[in-house]
Amino acid sequence: MTDDRKNKELRRKDLDFVHLRTMGRGMSQTIVPRNRVRLFGNPLLEALTVISAPAFIALWAVGLPAILVFALMCAPTLWAPLLVVAGLIGWTITEYALHRFVFHFDARWALIKRVIFIIHGNHHADPNDPLRNLMPPIVSLPVGGLILAALVSVIGPEGAWSFLGFMTGYVAYDLVHFACHQWPMKGRFARILKVHHMRHHHLHARGNYAITGMVWDRLLATRIGDRRERV
């Protein structure tokens, strides 16, 4: 067997290793925890930290068209497509940077450690909780509002178009993230997305930070490849 064929076989086996380890071959194994990781003692606050997939889809099925209407009303422009693409690219960079430098920040102070656990660490503690695989609106809506304000203040009203691209990227990211944990993800590209993220959870948390913008892991040397390349 040639070296090239051996390398391809090793990659195939590594994909199977991660896929079987996490979700099973061709089978969805959604795990609903009996005792969900509790973040707050207050039941109201705790309820605000979860969201179901149907509720998430319903929220953004309204939210994204609303942003589009807002952009059309406030800043009709021929530059809209380019601004939307810029927003999409901006999201992929933000996704990577947040995951690498904020969500996995090695904090020393107990308070900061607690905050990081609330916003992301709990997901690593219980990665297959279907109600915590999507960002709840208690976080996404206020943060989205701040991003819109920042874009409009820097670009002007046309910033609404970049915001549309940014939030479209965010919604796509969150749905892909949910699918990686809850669905079998059949098909070549879907399988690549899933295995890329599962390696982050099951091989090494200090790598494969991107979910939809995987190119950044390659460009910034944080990609976890097959088992011979593990960090």
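Only the coordinates and a few stated rules stand behind these numbers; no lab work does. Predicted model, so just to flag it, every value in this text is computed and none were measured. Reconstructed Cβ throughout: ideal geometry from the backbone, glycine too, with neighbour counts over all protein chains shown.
Worth a mention:
- Using R0 = 30 Å, the C-beta based FRET efficiency linking ALA55 and THR77 works out to 0.35.
- Least to most buried among LYS113, LYS186, LYS194 (fewest other Cβ within 10 Å first): LYS186, LYS113, LYS194
- Shape call, the stretch 110-231: gyration tensor on alpha carbons, a/c limit 1.5: prolate
- Averaging Cα coordinates gives a centre for the stretch 149-224 and one for the stretch 120-147; these two points are 14 Å apart.
- Computed E for HIS202/THR94 - FRET, C-beta separation, R0 35 angstrom, nearest 0.05: 0.90
- Net charge of Cβ neighbours under 15 Å - reference PHE117; Lys, Arg +1; Asp, Glu -1: +2
- Two-site FRET efficiency, ILE192 against PHE103, from Cβ-Cβ distance with R₀ of 22 Å, rounded to 0.05: 0.50
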